[in-house]
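Worksheet: the structure to be examined is printed underneath.
What follows draws every value from the coordinates through simple rules; no lab data is involved. Note that the structure is predicted; figures quoted are calculated from it, not measured. Counting neighbours? That spans all protein chains shown, and the Cβs are built from the backbone with ideal geometry, glycine included.
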Amino acid sequence: MTEKFTDKILKDRKPEERNETNSNIESEMQALKQENADLKDSLLRAIAETENTRKRLMTDKDNSVKFALTSVIKDLALVLDNLYLSISNINSENLENNPDLKNFYNAINIILIDVSKFLEKNNVKRINPIGEKFDPEKHEAVSQVKVEDENQKGVIINVLSSGYMIHDRIIKPANVIVGF
């Protein structure tokens, strides 16, 4: 239909006017085609950017949920370290001779078991790396001790405080003593 209309208009004109009109129509068509292509490109880019933003927001939301306990666990780690330290310093002979101390020891153990279950349920792992190779990603070397055995060099000899990780992220590195 457009061609018939254009042909009718062109028939009524002189040949030089027809050529000029054809040329104008063609250049206008080219400009419109280019504008159309540019708009399609802009639309595709906007759609892609929107999709990337949606994915990024979903990842951020998932991480917020996944790592929501991080600050609580950091604070709880200090309390847990103190509880572990308190029961590790109780002499087994004193436990046998002192029923009150034994009750205290048992109560602390029950608390530690309950907290461990809570941590496990929330994908938090305690890092107690004694005997492992030192890894600066998971451990913080507080001190070094000279060792005779070559196999003990670079190995964790003692753990001063446990580390903690949630999923695959370190919350608190273990404070350790490393052999050298």
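Overview of results
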read-out: Label-point gap, in nm, between L32 and N98 - each point 7 angstrom along Cα→Cβ; value: 9.6
read-out: Fewest-first ranking of M165, M29, using other Cβ atoms within 10 Å as the exposure measure; value: M29, M165
read-out: Max mean-square fluctuation residue, GNM over the chain, Cα-Cα springs under 10 Å, options I130, I90, I170; value: I90
read-out: Inter-probe distance in nm under a simple model that places probes 7 Å from Cα toward Cβ, at N123 and S71; value: 2.0
read-out: Pairwise label distance in nanometres, I130 with I90, each label 7 Å out on the Cα-Cβ vector; value: 1.7
read-out: For the chain, built as a Gaussian network whose Cα springs stay under 10 Å, the top-fluctuating residue of E132, E140, E28; value: E28
read-out: Gaussian network model of the chain, springs between alpha carbon atoms under 10 Å - residue of L160, L76, L95 with greatest fluctuation; value: L95
read-out: Answer label for percent of Cα pairs over 22 Å apart (calculated), chosen among (1) 50; (2) 44; (3) 70; value: (3)
